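The values are calculated or read from the model by the stated rules, or taken from the named source; none is laboratory data. The structure displayed is predicted, hence computed values, not measured ones. Note that each Cβ is placed from the backbone with ideal geometry, even for glycine, and that neighbours are counted across all protein chains shown. Note: accessible area is taken over every heavy atom of the protein model, side chains too, but ligands, DNA and RNA are not part of it. Shrake-Rupley method; radii C 1.70, N 1.55, O 1.52, S 1.80 Å.
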Amino acid sequence: MKIFSDMTALMTGMWITWKHIFRRPVTIQYPEQRRQPYPRYRARIVLTRDPEGGERCVACQLCSAACPVDCISMQPAEGDGGRRYAEWFRINFARCIFCGLCAEACPTLAIQMTPDYEICTRDIMNLIYEKEDLLIDGCGKSADYNFYRHAGIAVTQPRGNGAEELPPVDVRGLMP
Amino acid sequence: MPKLIIDDITVEVAEGTTLLEAAQSVDIPIPHFCWHPALGRAGACRVCAVKLLDGPVKGIQMSCMLPAQEGMVVSTTDPEAVAMRRHVIEWLMINHPHDCPVCDEGGECQLQDYTIAGGHGIRRYSGKKRTHVNQYLGPYIEHEMNRCIQCYRCVRYYQEYAGGTDFGVMGSAGRVYFGRFQEGQLESPFSGNLVDICPTGVFTDKTARFRARYWDYDMAPSVCPGCSLGCNTTPVARYRELLKTVARRNDAVNGWFICDRGRFANSAVNAPLRPRHAVVDSRESCVEDALDTLLLRIHALGELHGPGSIAVVGSSRMAQEAAELLPQLALRIAAGALCYRTTRKESTETSSFVELVHTGSSASQQDVRKSDCIVVYGCDPLNEAPMMAMAIRQAWRSGATVYVIEHKITLPCEFTLRATLDDVPLAEAERPVIICNLSAETDQLDKLLEGHSRLKIAPLFPAANSFGTALLMREHGAISLEEALADGEIKGIISIEADIPAALLGKIPFVAALDWQATATVQAAQIVIPTTAWVEMNGSYINYEGRAQHFSKVMNPGVPVKGLDPAGHPPHIHRSTATGGEALPARQLLARLIKLLDDGNRGLS
Amino acid sequence: MEQILFQHNKPGRCVTFAEYQTEGGFTALKKALAAMTPDEVQQVVIDSGLRGRGGAGFPTGKKWSFVPRNLPGPRWLICNCDEMEPGTYKDRILLEANPYSLIEGITLACYAIGVRHAFIFIRRGYEQAAANLQRAISEAAAAGLLGENILGSGFDCAIDVHVSAGRYICGEETALMNALEGKRANPRAKPPFPAIKGLWGGPTVVNNVESLANIPYIIANGPAWFKATAATPEAAGMKLFCISGHVTHPACFELPLGMKLGDIIGGPCGGMRPGSSFKACLPGGASTPYFTADHWNIPMDFDPVAKAGSRLGTGGIVVFDHKTCMVAATLNLVRFYARESCGWCTPCREGLPFVVNLLETIESGQGSDEHIEILREHIKYLNYAFCALAPGAMGPVDGLLRHFEDEIREHNRNGKCPCRS
């Protein structure tokens, strides 16, 4: 009879609801409990330093060119010993979509993404991070690489002493 | 006219055209380093390899070395040719330093482009890279020899094209070194073109070192304001700072190059002391108020001293559009004088020359380069208009005889001294050209022009728009400021981009200056209104041969972003005009003045 | 065996001017100036089948005929004595024994082509030969056999000896001309060929010492005689073979062209040294692919050697015995070429050091099959360099890959050179 099938439908629904009361909830009670993202999670961007403590960023503008939303801008400048560095470096986090293309483009492993996602603020102008807000003291995810050891412009070592270099040619020498 | 097939496209070219040029004529690009349209072929880099499938020559050949012949069948995409190019890039990469992020050429580097296009990727060479020590070559050019790919363009340009002797190639095999034989500033006044010509970052513009990347540049076609030749340039700006000037190709004018004077003249545009704000009686004001005050003062002067007490003074460095408006302004304020020159001498010299120059009689730089007999008459091209000296050298290289009429000058080529113009065999020449400046006798030149139908002259005027303003002088009967001040009637002047000598300035009680440079006139003026430099506006100049050339706006006027905020980074402030960006083109200011005057005359407020 | 060039050799010293004349020297010059026109002289040389002895093997008379007869302006003859091809020393031996054949040959060549001023471009290091030549020129001039109005014929000819500043690339004819003109010794593009536009823009012929030294004998005895001195009907004349390496008597021998390789090594050279067996040889100087024992019976003439996959070149035979590591030998040869590159074009300047690097890697045992492939690519693509130095440098590498690839693979497999025990 119809009343039996109706009752079955009702009881099935209520059984499912009853079952769920005893299921483990997946909601994490933020901010008392926080989920820990993986190290490669793409959140706040930092500028790292090389193992010798110098700034890695050479202001080559590749991250700025790669950025799909044009949120990175910088001004290159020449520092001591001919070192190229960023005079100022600005990331507009209101624009940033945290895609990681900048980190992928960076040839010196300077710009890297950290799993720190808690950067929201009330005033939108606070989301414009300058170099002093981005620069960290550590090497980030790569502990070994110093771009200037491989570049030819002899900043951290004399000419010819780089990682893949021969001593400089003596132009006036007659020996073959 | 050989006919040949390139990549299934049939093309017919002039005799002697190389395969590379033939391919370019149908928009097929072939990578090349050592070939350059102005320097010719060398065959050194081997990257322009193409495969000839059929015809009088077969196999892999270098397209820049082989002249096109009837019946050739060329493939630029043949796998063997592509592989050859990939190998050449691989060979060049063996010693090329890991510099791209810190190299100024990045983004405009031919080696980068052809590496990506050629398909070379992973390094297979396990040895080390050869390095070089750099040289100090002066304050304008940075030398980084590690990056050299030995295309020999620099030495071919410097020694063959520009006639320099202090720079060359030393050494052999992989150790070849392109530098100055003795370290020091490069002597040639055309050394800046090394920056344009080097396909990698060996020679870079030191004044623009580590400033910006090619894809961020603000660029627009422009004209050099340095002299009356009007060489075509492309100024490069970023963040409201003029970074560098690059040569722009114009086969009729400068060819492929410009001189150092025009290339390294950015400091005036970026000068911190440039007039950026309107100034009235030593107090900062805004442009609107300054214009209103100017009108009041004009009116007051008119009331006090009667009509004809104000002179309108332009100059030969103002753009033609602004110069055209000066007579209209003079008319409306019943000016006592319209001047485009300051001294009487300048004025008389210019007027007589304008009569002389007309279509057919004036020689373009291309005419000079192709001439077979050049006479340098009483001028010093290397100092007055350097690119003209360069053009003379190209004529000499092609076999022309260069005569200099009894004058102690240097030229980048050999020349013969003659006592007078009559001693020069002009009648025997096919394409003779006389180069002179405004000190020459126009009657004599006029007679010569009538007597020789093939003769052309190239009078070197002093400034970028001397010719254009000279035409206006003739049309409106303008006089020089010196003459205007002679009778003491002039009590005030409106000076637009004019450089008035101190002696004359002292005689004028009221000066209103519209200018973009901090000249003595601007210092002495009661009212100063900032105008825009040539890179900050559209306009045109008319060069010495009567060629009108348009220049386009490259950047917005305003204080450069660098140094605006003491914290170092650009300010976090929203505004609609840039700091110090109130400057307007002179023609716009004049137009506003004229409109205000018209509105006033019609009784409008 | 009949000798042409070496017939005047005196033990331990240079032949004197008087001796040379007594033994028949300068009769050819007298005969040509008295009884032959320049065209006839040229035709005799063409008929003789003489081919250039400097390495390229281009028919000498034909090269002379490329110079246009009626072009105004000066024309030049250059004798290329810049003998820097490794394994080649024949010109030195000849000039230290007898400089007069060359002087007479140059004068005859100048007569045939219409040249009034010839240069002998001699390499640095050949001091004795240069001194001999200078002396020979003065002696000939004093005797009226050189200078103005030679033998009253109205023909003028002057010869100057120019000592090179000393690089291998100066042996390349267009680089030689640049060096003579005082410029950097980079080769020039061909066309225009030197016969049309060479030294200072004028028609120029560049010939090797040995080629020119043969001319007097060809003129004196006729082209048929010259042809008959060879060992085979297709070959013409005799050749100075300079043998070095692991043979009993390494020396310079004048032997008929077309003589078999085995007969040369087994005959005058006295076979391999005791304790050595033949492994390979360079048939014509360092820029030719190797010959192995398979080529023992190849006639040493231009065409047969070319057909067998190598080049006769200068005839400088370098013999390697069974103890030689072919990889090390090739590395040694390519190192020379990499060092001597002039630096003009990319393949030679950068490609040769790459090949050196590859061979070093293989020789030290760190090579892999990939390196063999890269070597093969280089053999192919270094052919497209600006001049013949780079393709020549890859000759031994080509020979290595063709005949001794298993030796390379053994290096790779063992991780060290198998010849070093």
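Inter-part distance, region B:292-339 to region B:217-277, computed on C-alpha centroids, equals 30 Å. When the surface is traced with a 1.4 Å probe over the full set of protein chains, C:Trp225 keeps roughly 60 Å² accessible. The Kirkwood hydrodynamic radius of chain C, based on inverse pair distances between different Cα atoms, is 22.2 Å. Over chain B, Cα pairs under 8 Å with separation of 6+ residues give a relative contact order of 13 percent. Annotation: the antiparallel percentage among DSSP beta bridges lying fully within chain B is about 50. Remark: region A:131-145, residue by residue, has Karplus-estimated 3J(HN,Hα) of 4, 5, 7, 9, 6, 10, 8, x, 8, x, 8, 10, 8, 9, 8 Hz, where x stands for each Gly or Pro and the curve is 6.51 cos²θ - 1.76 cosθ + 1.60 at θ = phi - 60°.
The C-alpha atoms of chain C define a longest principal axis, and helix C:38-48 lies at about 40 degrees to it.
For chain C, the 222 nm mean residue ellipticity estimated from helices alone, with every DSSP H stretch of n ≥ 4 adding -39500 (n - 2.57) and the total spread over all residues, rounds to -12000 deg cm²/dmol. Taking Cα atoms only, the orientation of helix B:287-305 departs from the longest principal axis of chain B by about 40 degrees. Taking a quarter of the surface of the Cα convex hull of region B:434-474 gives a mean projected area of 3.3 nm². For region A:141-170, heavy-atom accessible area (probe 1.4 Å) falls by no less than 20 Å² from the chain alone to the full protein assembly at A:Phe147, A:His150, A:Gly152, A:Ile153, A:Arg159, A:Glu164, A:Glu165, A:Leu166, A:Pro168, A:Val169. In chain B, the DSSP-assigned H stretches of four residues or longer account for a calculated mean residue ellipticity at 222 nm of -7500 deg cm²/dmol, using -39500 (n - 2.57) per stretch and the full residue count as denominator. For the pair C and B, the buried accessible area comes to roughly 2500 Å² in total, with a 1.4 Å probe and the value rounded to the nearest 100. Determine the distance separating the Cα centre of region C:194-221 from the Cα centre of region C:365-421; give it in Å without decimals. Each part's Cα centre sits 37 Å from the other's. Remark on region B:358-462: hydrodynamic radius 13.3 angstrom, per the Kirkwood mean of 1/r across alpha carbon pairs.
For region B:367-416, applying the loop criterion from DSSP together with a ceiling of 14 other beta carbons within 10 Å to the GluC sites (Glu not before Pro) yields B:Glu406, B:Glu414. What the Cα atoms of region C:1-155 give is an Rg and a Dmax of 15.5, 47 Å. Summing Lys and Arg as +1 and Asp and Glu as -1 over all other residues whose Cβ lies under 13 Å from the Cβ of B:Ile122 gives a net charge of +1. When you filter the trypsin sites (Lys or Arg not before Pro) in region A:132-176 for DSSP loop state and at most 10 other Cβ atoms inside 10 Å of their Cβ, you are left with A:Arg172. Near C:Ala388: Cβ cut-off under 12 Å, other residues only, Lys/Arg at +1 and Asp/Glu at -1. The net charge is -1.
Out of the GluC sites (Glu not before Pro) in region A:81-162, which ones are loop residues according to DSSP with at most 14 other C-beta atoms within 10 Å? For GluC sites (Glu not before Pro) across region A:81-162 that sit outside H, G, I, E and B with at most 14 neighbouring Cβ atoms in 10 Å, the list reads A:Glu118. Per residue, the average separation of C-alpha pairs within less than 8 Å and at least 6 apart gives region B:358-462 a relative contact order of 34 percent.
Computed over region C:100-255, the convex hull of the alpha-carbon atoms projects to a mean area of 11.7 nm².
Beta bridges assigned by DSSP with both partners in the protein assembly as shown are antiparallel in approximately 50 percent of cases. Pair-distance distribution of region B:3-93: all C-alpha pairs, bin width 5 Å, starting at 0; shares per bin in whole percent are 3, 16, 28, 26, 18, 7, 2, 0. When all protein chains stay in place and ligands, DNA and RNA are ignored, the 1.4 Å accessible-area order of A:Ile21, B:Ile542, A:Ile91, largest first, is A:Ile21, B:Ile542, A:Ile91. May I ask you to list the lysines whose Cα is less than 16 Å away from that of C:Lys260, ignoring any residue fewer than eight positions away on the same chain? Within reach: C:Lys239, C:Lys307.
Ligands, DNA and RNA are left out, and with a 1.4 angstrom probe the accessible area of chain B is 39 Å² per residue. Rounded to two decimals, the Cα-based Rg/Rh of the protein assembly as shown, with Kirkwood Rh, is 1.08. Relative to the 2.2 N^0.38 Å rule of thumb, region C:289-388 has a C-alpha radius of gyration ratio of 1.18.
Between 0 and 90 degrees, the angle of helix B:79-95 with respect to the longest Cα principal axis of chain B falls at about 70 degrees.
Counting, for every residue in C:349-361, the Cβ atoms of other protein chains within 10 Å of its Cβ and taking the mean gives 5. Near B:Asn538, the amide H atoms lying under 5 Å from its own belong to B:Lys553; only residues 5 or more places off or on other chains count, and H is placed 1.01 Å from N. For the segment B:41-51, counting C-beta atoms of other chains within 10 Å of every residue's C-beta and taking the mean gives 4. Please report the carbon-and-sulfur percent of the accessible area for chain B; probe 1.4 Å, protein heavy atoms only, DNA, RNA and ligands left out. Accessible surface attributable to carbon and sulfur in chain B totals 51 percent. For region B:147-288, the convex hull spanned by the alpha carbon atoms encloses 165 Å³ per residue.
Between B:Ile116, B:Gly138, B:Ile94, the Cα set farthest toward the positive side of the dipole of region B:87-143 (charges on each charged residue's Cβ, about the Cα centre) is that of B:Ile94.
Taking Cα centre as origin and charging only the Cβ of basic (Lys, Arg, +1) and acidic (Asp, Glu, -1) residues, the dipole magnitude of region B:3-93 rounds to 360 debye.
With 22 Å as the limit, the listed pairs B:Lys507/B:Lys595; B:Lys370/B:Lys553; C:Lys90/C:Lys279; B:Lys206/B:Lys370; B:Lys58/C:Lys380 have B:Lys507/B:Lys595; B:Lys370/B:Lys553; C:Lys90/C:Lys279; B:Lys206/B:Lys370 beyond it between alpha carbons.
The dipole here belongs to chain B: it is taken about the Cα centre, uses +1 on the Cβ of Lys and Arg and -1 on the Cβ of Asp and Glu, and is about 1840 debye. Relative to its residue count, chain B spans a Cα convex hull of 197 Å³ per residue. Relative to its residue count, region A:36-150 spans a Cα convex hull of 102 Å³ per residue.
With a cut-off of 15 Å between beta carbons, the residues surrounding C:Ala158 carry a summed charge of -3, where Lys and Arg count +1 and Asp and Glu -1. Highest mean first, the peptides B:460-473, A:6-19 sorted by other C-beta atoms within 10 Å per residue fall in the order B:460-473, A:6-19. For A:Trp88, the residues whose modelled amide H falls within less than 5 Å of its own, excluding neighbours fewer than 5 places apart on the same chain, are A:Gln75. Projecting the Cα atoms of B:Leu295, B:Tyr214, B:Pro199 onto the charge dipole of region B:197-330 (Cβ charges, centred on the Cα centre) puts B:Pro199 farthest toward the positive pole. Per residue, the accessible area of chain C comes to 36 Å², computed with a 1.4 Å probe over protein heavy atoms only.
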